[in-house]
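S.K.: Below is a structure I'd like to ask you about.
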Amino acid sequence: MLNFLEQKILDEAVVKPGDILKVDHFLNHQVDVAIIRKIALELKRRFDGVKVDRVVTIEASGISIAIMVADVFQVPMVFAKKAETSNSTDAKYVSRAFSYTHRQVTDLFISRPYIHAGEKVLIVDDFLADGQAAYALIDMVHQAGAEVAGVGVAIEKGYQGGGQKLRADGYHLESVAIIDAMDCEHQTIVLHNQDETAS
Ligand code: 5GP
């Protein structure tokens, strides 16, 4: 049986050229707070019993989910900033990721006061594709001497390899919806949980 997010993807998401799933009307532009809350509660359920001291994401599209996840865990949330937005002289942890949607390398930073050595950090994002964003965040968490408690995403594009690599590297990854395949020309989406095709 499909969960609420998988069903919403099948019913409403649009497949765009370049292997992009467009969910602008509830996740990436307009934000449906009720859906984001359900995603956060589902991640809380899946990470039940895992100690989390802090939630970390990347601006901009991870922020809405990360805020809600931080709220249900009752911990602080910090988002990595893209380097062009830097206007601080604070010492920073820096990393870089090839941006899947913008097709360019993006420099990222988190100011040092916002991750502490020894903390258990839950990494949260809207999408997981090749894993570039997740690994850049993991890199900065490790620079801080903190530990990765897990990686929680709303939508994993399972065929793109990021999830496989994270699991192989031993990270606890939870994805509320996993897409096994999608096709722009025919507007087909196949969810991991159900071998069913829909537009
Ligand atoms: P990765 O770094 O895992 O290759 O890609 C993850 C990042 O790219 C996410 O932070 C997300 O913002 C963006 N992204 C990747 N695939 C998609 C997609 O199909 N749709 C949207 N809207 N964003 C995506």
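Only the coordinates and a few stated rules stand behind these numbers; no lab work does. Note that this is a predicted model, so its numbers are computed, not measured. Counting neighbours? That spans all protein chains shown, and the Cβs are built from the backbone with ideal geometry, glycine included.
S.K.: Out of residues 5 or more away from residue 119 or on other chains, whose amide H comes under 5 Å of its own, with H placed 1.01 Å from N in the peptide plane?
M.R.: 147
S.K.: Here's another thing I want to ask about it. Can you give the local net charge around residue 121? Use residues other than it whose beta-carbon is closer than 15 angstrom to its beta-carbon, Lys and Arg +1, Asp and Glu -1.
M.R.: Numbers: positive: 51, 54, 112, 120; negative: 53, 119, 125, 139, 147, 174.
Its environment carries a net charge of -2.
S.K.: For an R0 of 45 angstrom, estimate the FRET efficiency from the Cβ-Cβ distance between residue 2 and residue 96 and round to the nearest 0.05.
M.R.: My answer for the efficiency is 0.80.
S.K.: Can you give the local net charge around residue 103? Use residues other than it whose beta-carbon is closer than 13 angstrom to its beta-carbon, Lys and Arg +1, Asp and Glu -1.
M.R.: Residues close to residue 103 contribute a combined charge of -2.
S.K.: Sticking with this structure for a sec: What list do you get for 102, 172 if you sort them by fewest beta carbons within 10 Å?
M.R.: With the sparsest Cβ surroundings first, the list reads 102, 172.
S.K.: Return the subset of 38/92; 44/165; 22/81; 16/51; 81/120 for which the Cα-Cα distance in this structure is over 28 Å, preserving the input order.
M.R.: Beyond 28 Å between Cα atoms: 38/92; 16/51.
S.K.: Nothing charged except the Cβ atoms of Lys and Arg (+1) and of Asp and Glu (-1): what's the magnitude of the dipole of the chain about its Cα centre? Round to the nearest 20 debye.
M.R.: 620
S.K.: Given H placed 1.01 Å from N in the peptide plane, which residues other than close sequence neighbours of residue 173 have an amide H under 5 Å from its amide H?
M.R.: So residue 173 has HN proximity to 151.
S.K.: Within 10 Å, Cβ to Cβ, of residue 149, how many net charges do the neighbouring residues add up to if Lys/Arg are +1 and Asp/Glu are -1?
M.R.: Summing Lys/Arg as +1 and Asp/Glu as -1 gives 0.
S.K.: Given the options 104, 74, 164, which has the most mean-square fluctuation in a GNM of the chain, springs set between C-alpha atoms less than 10 angstrom apart?
M.R.: Taking springs between Cα atoms under 10 Å, the residue moving most is 104.
S.K.: Sticking with this one: Compute a Gaussian network model of the chain, connecting alpha carbons closer than 10 Å, and tell me which residue from 56, 15, 151 fluctuates the most.
M.R.: Checking each option, the largest mean-square fluctuation is seen for 15.
S.K.: Given a 10 angstrom Cα cut-off, can you work out which residue in 34, 134, 80 is the most mobile in a GNM of the chain?
M.R.: 34
S.K.: Could you tell me the calculated FRET efficiency between residue 32 and residue 112, based on Cβ-Cβ distance and R0 = 30 angstrom, to the nearest 0.05?
M.R.: Working: r = 34 Å, r/R0 = 1.15.
It comes to 0.30.
S.K.: Counting residues in region 21-75 as N, plug N into 2.2 N^0.38 Å and put the Cα Rg over that result.
M.R.: That works out to 1.13 for region 21-75.
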